[in-house]
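Chemist: Here you go, one structure.
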Amino acid sequence: MKQIWNTIIAILFAAIILTPNGVYAAEKEAGATASLSATTFGELTSLNDRVTHLEGYLQSVDSPMTGTAKQLVSEADRLGIDWKLVAAIAGTESYFGRHIPQNSYNAWGWAIFTGMQDGKHFDGWEDGIRTVSEGLRQNYVNQGLNTVESIGPKYAADPNWAYKVNHFMDEIEGFKPRQTNQLAILL
């Protein structure tokens, strides 16, 4: 009986924490309305710290965008948007460039409209990062859509888009690089 009770508690806990409509999501949504136009740094205050941090994260998810962290952070700083936003959108739309139309360099689903399989093709990651960053600033933030929640309905048809982008922004910020001197234990 105790084992059944423990299983029920574990399932309820997982349901509350992991579902978009659960307690975790409600807490995140309430705190996620901070303006994206004011770049937030947290503990990572310098450009180099943020670049190193983001580059480590992109490597950890085996992203083909590895090597673009400096441009991602520099464009965000230049345009006054959160340094994690464009990377997090890439995480949501294509798992950081791993699932994109062939040779498109379009990790953001940019100009891929509902029902279409393909959209904008960029000349490379740099072109995509610049275009998407500037597009977010001009077509969203400058139009008063300065939270992930307000951007979501215009950017994507998925009603859970903002939840997913916030998830990746949190994951990027909370990323802890694995220490090379630690032994990995696989279960």
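Chemist: Show the residue pairs that are 6+ apart or on different chains and have beta-carbon atoms under 7 Å apart, the first residue being within region 98-116 and surrounded by 10 or more Cβ atoms within 10 Å (Cβ to Cβ), the second being of a type in the set (Phe, Trp, Tyr) and in a loop (DSSP other than H, G, I, E, B).
Modeler: Ser104/Phe122; Tyr105/Phe122; Asn106/Phe122; Ala107/Phe96
Chemist: Let me ask you something else. So which pairs qualify, if the first residue must be in region 52-72 and assigned by TED's automatic domain parsing to the domain that holds Gly91 and under 16 Å from Glu126 (Cα atoms), the second must be assigned to a loop (DSSP other than H, G, I, E, B) and aromatic (Phe, Trp, Tyr), the Cβ gap must be under 7 Å, and the two must be at least 6 apart or on different chains?
Modeler: Hits for this filter: Leu58/Phe96; Ser63/Phe96; Met65/Phe96.
Chemist: Which residues, counting only those in region 136-157, are closer than 20 Å to Asp82 by Cβ, of a type outside the set (S, T, N, Q), surrounded by fewer than 18 Cβ atoms within 10 Å (Cβ to Cβ) and without any contact (Cβ under 8 Å) to a residue 60 or more places away in the chain?
Modeler: Answer for region 136-157, where residues must be closer than 20 Å to Asp82 by Cβ, of a type outside the set (S, T, N, Q), surrounded by fewer than 18 Cβ atoms within 10 Å (Cβ to Cβ) and without any contact (Cβ under 8 Å) to a residue 60 or more places away in the chain: Gly144, Pro153, Lys154.
Chemist: Can we say Arg130 is in the same structural domain as Arg50 (by TED's automatic domain parsing), in a loop (DSSP other than H, G, I, E, B) and of a type in the set (Lys, Arg)?
Modeler: No: the conditions fail for Arg130.
Chemist: Could you please find all residues in region 76-125 being touching a Gly at 6+ places or on another chain (Cβ under 9 Å), at pLDDT below 95 and among the charged types (D, E, K, R)?
Modeler: Lys120, the sole residue that qualifies.
The values are calculated or read from the model by the stated rules, or taken from the named source; none is laboratory data. Because the structure is predicted, anything quoted here is derived from the model rather than measured. Reconstructed Cβ throughout: ideal geometry from the backbone, glycine too, with neighbour counts over all protein chains shown.
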